[in-house]
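Input: a single structure, listed below in structure tokens.
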Amino acid sequence: MAMTGLPTNCRLCPRACGADRASGERGVCGADDTLRIARAALHEWEEPPISVGAGSGAVFFSNCPMRCIYCQNAEIACGAHGTQVPPERLPCIYRELRDQGAANINLVTPTHYLPFVVDSIRQVKREGFDLPFICNTSGYETVETIRALDGLVDIYLTDFKYWRAGESDAALKYSRASEYFQVADAALKAMLENVGMPRFDSWNGEDRLVSGVVMRHLILPGRLHDSMRLIGYLWGEYGDSILYSVMNQYTPLRTFEQAPELDNRVDDAEYEQLLDYMDALGMTDYFWQEGGAAEESFIPAFDSTGVLPG
């Protein structure tokens, strides 16, 4: 998939809304023909082999194709925060983060800006830029988009949010994406084809992930059995070819009239049940969170830090 600028009939994400982004029309993601970034700074709250040393060099893009109703980063997902920058600013941001000691460049929700991202990574790689690039994604990606990142992205830090429709209503109810399971599964297979098994090196005396796939699953209130079925499927399908990260950091930031179950945090006992289930499956090496993870402090300030030149 060659990148030649923003599309006139946008199909960058599975929403396939057909917006004429090249002419400034907004897609369902909220993005038009401009590039908006909400924050570019060192980030210490990713998984340990990603946030090594001074931290991960996270670039938070504004807008999002998914718009989950419980989104922890809703203020940037809906485009309320962020600064417009020219696309040629992206390579400068990567270099600045490297100079601050970043262990990698972590592109958070980049899909709707894919042409800009592809061009910027190609530019710095031609210069010999040697930090790993991470695609930090909801998992709601087309196979074509993942293939466009082959040879450019080293690590996929991907969500796998929901169990299959028909056995769960979560994907439709929370994200208006009843096909999420099938889409995310196909995307995960493509990610694995791109980067292969996890690989590490030593970075300032710590193990740093330099390539591979990390699958993240956020357990939601009252959805323990969905989570167990999903993890069981993924382990059976992918085994240890990917890394697993199971999170209990869900934080209710608003009330939900149509989904009152989301007004609650995840019960500690349910989270422990999920971890016990993973152990019983034979999963011995995965990332999990200790008590107190459900805190707003995990949500960074989207105040355009690092977006413009200092």
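For the reader, a short list of remarks on this structure follows.
- PHE60, sole failed condition from (1) assigned to a loop (DSSP other than H, G, I, E, B); (2) in contact with a Lys or Arg (Cβ under 9 Å, 6 or more places away or on another chain): (1)
- Just one of the numbered conditions (1) in contact with a strand residue (DSSP E or B) (Cβ under 6 Å, 6 or more places away or on another chain); (2) free of Cβ contacts under 8 Å to residues at least 60 places away in the same chain; (3) open to solvent by less than 40 Å² (accessible area, probe 1.4 Å) is not true of ALA19: (1).
- GLY57 vs. criteria crowded, with 24+ Cβ neighbours inside 10 Å, touching a helix residue (DSSP H, G or I) at 6+ places or on another chain (Cβ under 9 Å) and either under 23 Å from THR145 (Cα atoms) or not acidic (Asp, Glu) (or both): yes
- Residue list for region 254-281, restricted to those being open to solvent by 60 Å² or more (accessible area, probe 1.4 Å) and among the hydroxyl-bearing types (Ser, Thr, Tyr): THR255, TYR277
- Answer residue from region 22-42, given it is among the charged types (D, E, K, R) and free of Cβ contacts under 8 Å to residues at least 24 places away in the same chain and is nearest to GLY306 (Cα to Cα) among those: ASP32
- Strands (runs of 3 or more DSSP E) contained entirely in region 97-206, each with at least 3 residues that are crowded, with 17+ Cβ neighbours inside 10 Å and among the hydrophobic types (A, V, I, L, M, F, W, C): 105-108, 133-137
- Residue match in region 73-96 (condition: under 21 Å from VAL210 (Cβ atoms), in contact with a helix residue (DSSP H, G or I) (Cβ under 8 Å, 6 or more places away or on another chain), outside any strand (DSSP E or B) and open to solvent by 10 Å² or more (accessible area, probe 1.4 Å)): yes
- Only one of ARG208, ARG176, ARG216 that is touching a residue at least 12 places away in the same chain (Cβ under 8 Å) and within 23 Å of MET278 (Cα to Cα): ARG216
- Every listed requirement among (1) under 25 Å from GLY53 (Cβ atoms); (2) touching a Lys or Arg at 6+ places or on another chain (Cβ under 7 Å); (3) buried (at least 21 other Cβ atoms within 10 Å of the Cβ) is met by LEU209 save one, (2).
- Within this structure, ALA31 fails the test of being surrounded by 17 or more Cβ atoms within 10 Å (Cβ to Cβ), closer than 20 Å to ILE105 by Cα and at pLDDT 95 or above.
- GLY139 at pLDDT below 95 and on the phi > 0 side of the Ramachandran plot: no
- Unique match (being modelled with pLDDT under 95 and either of a type outside the set (A, V, I, L, M) or on the phi < 0 side of the Ramachandran plot (or both)) among GLU261, GLU290, GLU237: GLU290
- Single residue of THR251, THR284 found to be over 21 Å from the mean Cα position of the chain (by Cα), closer than 21 Å to THR158 by Cα and either at pLDDT below 95 or crowded, with 16+ Cβ neighbours inside 10 Å (or both): THR284
The values are calculated or read from the model by the stated rules, or taken from the named source; none is laboratory data. Since the structure is predicted, the reported quantities are computational estimates derived from the model, not experimental observations. With ideal geometry, Cβ positions are generated from the backbone for all residues, glycine too; neighbour counts draw on all protein chains shown. Only protein heavy atoms, including side chains, enter the accessible area calculation; ligands, DNA and RNA are left aside. Shrake-Rupley method; radii C 1.70, N 1.55, O 1.52, S 1.80 Å.
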